[in-house]
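Working notes, beginning with the structure itself.
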Amino acid sequence: MPETSAGSSPIHRIIADLYERLRHEHAGEVATYIPELGKADPNWFAICLVTADGAVYEAGDTAQTFTIQSISKPFNYGIALEDKGMAQVLEKIWMEPSGEAFNSISLQPGSGRPVNPMINAGAIATTSLVRGETAEAKIARILEVFSRYAGRRLEIDQTVYRSESETGHRNRAIGHMLRNFSILTEDPTPTLEAYFMQCSVLVHCRDLAVMAATLANGGVNPLTGERALGGDHVENVLSVMGSCGMYDAAGEWIYQVGIPAKSGVAGGILAVLPGQLGIGVFSPRLNANGNSVRGIAVCRELSQRFNLHLFNSGHPALSVIRRISSARQDCSKRVRSPGEQAILQQEGGRIRHLHLQGELHFTTAERVLRETLREAADADHLLLNLRHVAFADPVALDLLARLAATLAAAGKTLTLSGGAFLPALENTCRGVLPPAALAVVDFVPDYELALENLENRVVARCSRPGWDTRLLRLEEGELFAGLDPASLAVVEGLCTRHDFAPGETLVAAGSSDRSLFFILRGSADVWIEPPGAPRLRVASLSAGTALGEMALLDASPRSATVLAHTRTECVALTAETFARLETEHPAVALALLRNLALLLARRLRKANTEITAAHAA
């Protein structure tokens, strides 16, 4: 799956703003106990967020390489689980938090088993379980898997490796102690050298975020589609990250940040929100616990800002995007003249509507923003239908408001429609958006009306001035298409003129009137009253369209009420005048009946399309 660049998204700007603010934080010190690490520029700083479906948001020095150090531990633990199986791994390494520093000698009394795989003793034991008898064989296996996580070929920084190997006396002592307890069953040297090389793998911040997103995506790299870890082991890796990944600060971390994470003394932090996203942060300045100062601040702020805590209320796996379409495919219930229909067939792609469903929180709102911005590349008007959204938290409302600002800056309009959260969303937008942006955002409870309004904008832009106020001639309407001037004169002589004020009744449901109306100017709405339900608008009629044809043809009572929406001017043929037309001018009557049949066929096709769209929605 190709990656999605999301540089124009409001989320990117939030991360860029966070980077700008925190890059002035200079607390902490660069690690020097490994001499090569002390050469890092303390001002390096990068943030990267990758979603479980491959969207990338980044800021800062995201291509600056550094060594992975202890962030390698959870990934190596996954390799050991695949190579030896859970039972054998747990026999050698337990999974309880130590509450001690990363280089502490935390072994269980009697057995000598390391208490978890995130401290050095456990990590060295983990490396011993990786397939391969030599250091070279082990590191080849490790590099191959790490590269699948990152989506690119990773290499070892040989200078850092030599520095680690030459100064790693405490780790060598731990290795020999593990051999004493038979946790290591062979000479510890190959395992120790592989461990030093494993910690010296070069990555950049973006690699960390992609590796984290791979875990979030059940072990499959969201950018390449390649599996890095079997899905049955992902939960074990995330479990030890959640309980032990931040060493003696692990409890405080899971309480305050609530995202399984792993830090490294080169300044990296990797965090995983299962099923949703991965975070990578790089800044070499460390606190007393060996964790990046800026990295901790970034993760804490992202968790709080986007409500990412792991133990927040559960989110459904249901896709938030129910359907995406354009006004060329799905049109409103407005019955339009042939000219307007032709315009919408040609230009309807300028309107894109996205039907949403489920819950809106950070991860699902991010997907909405991404898809909306993608659609906006080829559209002028965006419409979000919120009718099927069951819940929207403040984070999602804020992101949607920022989306509106982004679209406004790009010269696009946004219409938000339906749903119980529309008033809250409108309040959020009014509190966040500047007047210029707010002017191109509409809040319309009725989705059909919202779509109709957008169609009117497109039709107006493509029509001659006064298209919606001009009095039409008979020959411009669908009912009279193809009639020669003499036939038109005959029909016009039989028609009566009517003028209706807004809200006035053209046709009343249940009446026996059989007149056929043709709208010359204005518009009218068709309403029905389902038993036990509120009155429902089922169609809107433009100038150039006819109404009342069914009663004329089958003499049945009117099935709906038609009210003038604006001042509406019509001509009408009564049943009596039509009978006279059939007698005195049968060819003209036949032409009208043929046009009526075509009109009904088009409306039936439109109804079929609407039913199909409603079923899909």
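Taken together, the values in this text are just the output of simple stated rules run on the coordinates, not laboratory data. In this text the structure is predicted, and so the values were computed from the model without any measurement. Reconstructed Cβ throughout: ideal geometry from the backbone, glycine too, with neighbour counts over all protein chains shown.
Here are the numbers for the structure shown:
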read-out	value
Most positive-pole-ward Cα, His233, Val272, Ser332, against dipole of the range 228-344 from beta carbon charges	Ser332
Computed over the range 14-152: relative contact order in percent, which uses C-alpha pairs under 8 Å that are six or more apart	17 percent
Dipole in debye (nearest 20) - the chain, about Cα centre, beta carbon charges: Lys, Arg +1; Asp, Glu -1	240 debye
Cα-based helix-to-principal-axis angle, 72-84 vs the chain, degrees rounded to 10	90 degrees
Prolate/oblate/rounded call for the range 18-107, Cα gyration tensor, a/c under 1.5 rounded	oblate
Along principal axes, Cα extents of the range 321-462, largest first, whole Å	45, 30, 24
In sequence order, calculated HN-Hα J values of the range 286-293 (Karplus, 6.51, -1.76, 1.60; Hz; x Gly/Pro)	10, 8, 5, 8, x, 10, 4, 5
Label zone at Cys462 (point 7 Å along Cα-to-Cβ), backbone N below 14 Å, the range 324-357	326-332, 336-352
Lysine pair number, Cα distance threshold 26 Å (strictly under), the chain, separation 8 or more or different chains	14
Where a label projected 7 Å from the Cα of Thr574 along Cα→Cβ would reach, residues of the range 478-502 with amide N under 13 Å	494-497
Additional length obtainable on full extension of the chain from Ala63 to Glu166, 0.36 nm per residue less Cα span	34.3 nm
Positive-pole candidate from Ala46, Leu399, Ala216, dipole of the chain, charges at beta carbon	Leu399
Length-normalised contact order of the range 4-306 in % [C-alpha pairs under 8 Å, at least 6 apart]	26 percent
Amide H within-cut-off set for Cys495, under 5 Å, with H built and near neighbours excluded	none
Alpha-carbon Rg/Rh ratio, for the range 474-616, with Rh computed the Kirkwood way	0.98
Theoretical gain in end-to-end length, Glu155 to Ala436 [0.36 nm per residue, Cα-Cα removed]	96.1 nm
Along principal axes, Cα extents of the range 472-535, largest first, whole Å	50, 23, 20
